[in-house]
Each structure stands twice: as structure tokens, then as C-alpha cells.
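These notes concern the structure reproduced below.
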Amino acid sequence: MSEQQTPILDHIVILISHKTLLGISEHIEGQFTLAPGGNHADGLTTNKLILLPDGVYLELIAFFDDVEPKKRRNHRWGNVKEDTIVDWAFTLQSENDFGAVQQRFQGADTDAFYTDPIAGGRTKPDVPGSLPFWCLDRTPRANRVPYELEPNLTQHPNGVRGISSMSVQVPDGEISKFKGAYDAIFGGPWNYKVPSGSTASKHGVSLSVGDASIRLVFYGSKEGKVELLPGLFLEIERLNSL
């Protein structure tokens, strides 16, 4: 696999209630700097963002309270638990590199696959969170993630600088299927790059048997834990080079 085809971690999706989203700035005050988000075109969800200096961002997304139950159930994240990390996205340096990912799936020991990219859409697997989906921008990424244009939005009181590693848990008995899929995604060691190009941390993904959850570890100038949401604590790994 060429260095150009190494997946780039784009963002992490965290589903919360609309009430929590409306009060999120007060909850994270003194910990994170909040960036404005907006309403999505489907009229079902709205979000706010936490931009990190490494170029990755956290998307805090919520369904509007008046969404029809059927429409919510049919949404990718409509049936998953709130106040949890529910999904994550990779990107690539070029959309043209995605064909190599798809080709590796053809010979992989898995029944998972990715469809061709759709303009204005995202390429997603069937199971949210267990495998990443893909954001392959055809316009400059800065249009939706202004982490370089507005660096003040990436400075956080808790010292967080980026995401060091991710751990994905999948149901017992399915570990081999998902391992084959991850081998196809990475085409080598399970390591990702970040949009800024920083190499300050591990940037590794691991897979284990568990309760179908996603866990991530930040890195920054201070070691410890941070409560991102009520009851959702995330670890911060201190890097001596920072």
C-alpha cells in the first residue's frame, strides 16, 4: 500500500439528545472550545463541532425532538444509544485512491464492502460504528472544517491536541469477519494519518470483542480524563514532546 492510500481520520460522530446539544456549551466550558455547526439538509438533525489541532473533529449531533419516529428509525443513527460515540469517518488524499480500498475488499475474508462514492454523500457500511464510513471531499475540506482558518477554535483549556488511538468493540463470534474488513481498509498496519500531517502520537486502531462500542484516546499536554458528556469520560494521554 502506498503512503498516499493510508486512511486519514476525518471525524468522530457522537449522538446526543437535542436538549443536551442546546446546553453543551455550558457543560464543556473550561474543557473544550465549541465551534458552530448547523442543521443538516434532511431536516432531521443538527450539530455542533469540536475542532482539534490535528485536523480531526468531533461532531456532536442530535435529532430534532419533533422528527417523525419512522424517519428517525430509518436514519443511520436513529436506533443507536444517545450520549455515546456512534460512528467515525475516514478520508483519503484523493477520491481516486478509494478504488484501491474497494479492490482489497474483493479478496478479503469478509462479507463487508463499500459502494462507489456519491457526489454530496458519504460511503457507509451497513453497521454504524463497527466499520468507518468515508468522507471523500470534492471541494476543499476547509469549507467544512476550518481548523486552519480559525485556529482559535482548536485551542482547548484541557490541553487536548488530537486523537492518539481508537478501539472498536464488536460482538463475540464476529471478530474474524471484522478483522478481514480492517485488513482490507488499511492494506497493512492498522494506522491512520490525520489531516494536519502530525505524527505526534500512535494513530492506531484496534479491534476487540465487547459491547459494540467505540472508544478513543486523546493526546495532549496534560494527562488525565475529561468528561465530554454526562457519564462519558475519555482518556487524555500526555506526550512528552508537547
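The values are calculated or read from the model by the stated rules, or taken from the named source; none is laboratory data. The structure presented is a predicted model; accordingly, all values stated were derived computationally and were not measured. Glycine gets a Cβ as well: all are built from the backbone with ideal geometry, and neighbour counts include every protein chain shown. The area values use the complete protein model at the heavy-atom level, side chains included, leaving out ligands, DNA and RNA. Shrake-Rupley method; radii C 1.70, N 1.55, O 1.52, S 1.80 Å.
Some points to look at:
- Listed residues 181, 212, 62, most fluctuating in the chain (Gaussian network, C-alpha, under 10 Å): 212
- Solvent-accessible area of segment 82-170 (1.4 angstrom probe, protein heavy atoms only): carbon and sulfur portion equals 46 percent.
- Backbone HN-Hα couplings from phi across segment 215-228 [Karplus 6.51/-1.76/1.60, Hz, Gly and Pro as x]: 10, 10, 10, 7, 10, x, 8, 10, 8, x, 10, 10, 8, 6
- Gain in span if fully extended, residue 106 to residue 26, counting 0.36 nm per residue against the direct Cα distance: 24.0 nm
- Using a Gaussian network model of the chain in which every pair of alpha carbons under 10 angstrom is joined by a spring, one finds that among 66, 211, 87 the greatest mean-square fluctuation is at 66.
- Candidates 84, 20, 115, ranked by Gaussian network fluctuation over the chain, Cα under 10 Å, top entry: 115
- Calculated P(r) of the chain - Cα pairs past 24 Å, %: 45 percent
- Using the Cβ of residue 177 as centre and a radius below 9 Å, the other residues enclosed give a net charge of -2, where K and R count +1 and D and E count -1.
- Segment 180-229 and segment 46-86: distance between their alpha carbon centers, rounded to Å: 20 Å
- Full-stretch length increase - residue 152, residue 95 - with 0.36 nm per residue and alpha-carbon distance subtracted: 17.6 nm
- With kT/(6 pi eta Rh) evaluated at 37 °C and eta = 0.692 mPa s, and Rh the Kirkwood radius from Cα pairs, segment 103-218 diffuses with a coefficient of 203 µm²/s according to Stokes-Einstein.
- FRET efficiency for the residue 172 to residue 139 pair, using the beta carbon distance and R₀ = 45 Å, is estimated at 0.60.
- Normalised contact order of the chain, rounded percent, pairs of Cα under 8 Å and 6 or more residues apart: 24 percent
- Rg/Rh ratio calculated on Cα atoms of segment 1-54 (Kirkwood radius): 1.09
- When you restrict to C-alpha pairs under 8 Å that are six or more residues apart and normalise by the size of segment 2-105, the relative contact order lands at 41 percent.
- Convex hull volume of segment 57-102 per residue (C-alpha atoms, cubic angstrom): 123 Å³
- Beta bridge orientation in segment 5-77: antiparallel %, DSSP, nearest 5: 65 percent
- Taken one residue at a time, the phi angles of segment 81-87 give Karplus couplings (6.51, -1.76, 1.60, θ = phi - 60°) of 6, 6, 6, 9, 6, 10, 6 Hz. Gly and Pro are set to x.
- Extension reserve of the residue 71-residue 183 stretch, reckoned as 0.36 nm per residue once the Cα distance is removed: 36.9 nm
- Dipole of segment 110-242 [Lys/Arg +1, Asp/Glu -1 at C-beta], most positive-end residue of 229, 146, 204: 146
- Accessible surface of segment 18-77, 1.4 Å probe, proportion on carbon and sulfur as whole %: 49 percent
- Per residue solvent-accessible surface (Å²) - the chain, probe of 1.4 Å: 48 Å²
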